[in-house]
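First up is the structure itself, then whatever we jot down about it.
The values are calculated or read from the model by the stated rules, or taken from the named source; none is laboratory data. In this text, all values refer to a predicted model and were calculated from it rather than measured experimentally. All Cβ positions, even for glycine, are placed from backbone atoms using ideal geometry, and neighbour counts span all protein chains on display.
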Amino acid sequence: MTVRAPAKINLVLAVGARRPDGYHELTTVFHAVALYDELQLTRTAMGGPTVEVTGEGAAEVPVDDGNLAVRAASLLAEHTGAPPAVAMTLTKGIPVAGGCAGGSADAAAALVGCDALWGTGLARAELEALAARLGSDVAFGLHGGTALGTGRGERITPVLGRGSYRWVLALGEEGLSTPAVYAELDRRRASGPVRLRSDPEQGLAALRSGDQVALGRALCNDLQPAAISLRPGLRQLLEAGNALGALGAVVSGSGPTVAFLVPDAATSAALAAALPAVPGCRAAREAVGPVSGATVVAAH
Ligand code: C5P
């Protein structure tokens, strides 16, 4: 069984106050783009779930219980009573610690893959409930497309949108820790009231009308100033993409990946060629969105 799961970017990310449980109340517009992790699953005779990791940044991905695909397989087994017998091989295409929900994509892939492999046949709502227990972005990893996320990001409502968009993703040389970026936001806010910079309604209106210029203007992320303060080079990267003709740019999630919305194939190619020369940018990837969430692509 092979499952493919896409990266996400946050077109709009409005971060509210820190809750008593440590999470922040969010309103975000998630968008799944065609940059994928692939998970191959093989049934084993016995033993718990195992994972081997290959591909970009594989050395930084844990292979024990810290791996979200392993945790997802264990949780599904526990929930259904199925023996947790699966060997997984994960091929990373989504940047590790990049703000693109790579680990969450892997968890979503493992839920979908193990459910199919073990024949547990869970209803969509049950899979979504398990997803929410694994991490804030896992439910969106199942859903894909473009969707509004609320709560800590785990409550998903589909968004009506038109058309498809071209993105160039600039990958950072080093990852950023999500808790560290949220902590920096809290530190910056400690001296005053919580002010939201991001307005999801503008982004939703642009998506409804399929207006890419308006969407470019609506891109906004409350975590961006915190990410820039921890990684000052991001400012230069954002400016470089805008100077090359991007319609808009935004740090994805907690960063350091930057997503540039581009109007056409020529601008996309120009950004993809030029951005890796900017200090701090390891590579650039062209990707369209929206695309489907975690999907079985082959059953062997
Ligand atoms: O849910 P997940 O494990 O992906 O979250 C990783 C970290 O990101 C949390 O431990 C927390 O520090 C931060 N976070 C947050 N508010 C959210 C989502 C994540 O503070 N809504």
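Residue by residue, here is whether (1) assigned to a strand (DSSP E or B); (2) more than 16 Å from the ligand (Cβ to nearest atom) holds:
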residue: Val12; (1), (2): yes, no
residue: Val15; (1), (2): yes, no
residue: Thr27; (1), (2): yes, no
residue: Val33; (1), (2): yes, yes
residue: Glu38; (1), (2): yes, yes
residue: Gly47; (1), (2): no, yes
query: Mind checking which residues of the range 76-102 are within 16 Å of the ligand (Cβ to nearest atom) and among the hydrophobic types (A, V, I, L, M, F, W, C)?
result: Ile94, Val96, Ala97, Cys100, Ala101
Matching residues, the range 137-153, being in contact with a Phe, Trp or Tyr (Cβ under 8 Å, 6 or more places away or on another chain) and farther than 13 Å from Pro6 by Cβ: Leu148, Gly149, Arg152, Gly153
- request: Please find, among Pro49, Pro83, the residue that is modelled with pLDDT under 95 and either touching a Lys or Arg at 6+ places or on another chain (Cβ under 8 Å) or closer than 23 Å to Ala299 by Cα (or both).
  value: Pro83
message: Can you pull out every residue in the range 262-293 that is in contact with an Asp or Glu (Cβ under 9 Å, 6 or more places away or on another chain) and buried (at least 21 other Cβ atoms within 10 Å of the Cβ)?
response: Val262, Ser268, Leu271, Cys281
query: Hey, among Val278, Val262, Val258, Val213, which residue is under 30 Å from Arg18 (Cα atoms) and among the β-branched types (Val, Ile, Thr)?
result: Val258
query: Hey, among the residues in the range 150-190 that are in a strand (DSSP E or B) and closer than 17 Å to Gly102 by Cβ, which one's nearest to the ligand (Cβ to nearest atom)?
result: Gly172
Filter pass, Asp106 being assigned to a helix (DSSP H, G or I) and touching a strand residue (DSSP E or B) at 6+ places or on another chain (Cβ under 7 Å): yes
field: Pairs, first without any contact (Cβ under 8 Å) to a residue 60 or more places away in the chain in the range 151-162, second of a type in the set (A, V, I, L, M) and away from the ligand (no atom under 11 Å from the Cβ), C-beta under 7 Å, six or more apart
entry: Thr157/Ala147; Thr157/Leu148; Pro158/Ala147
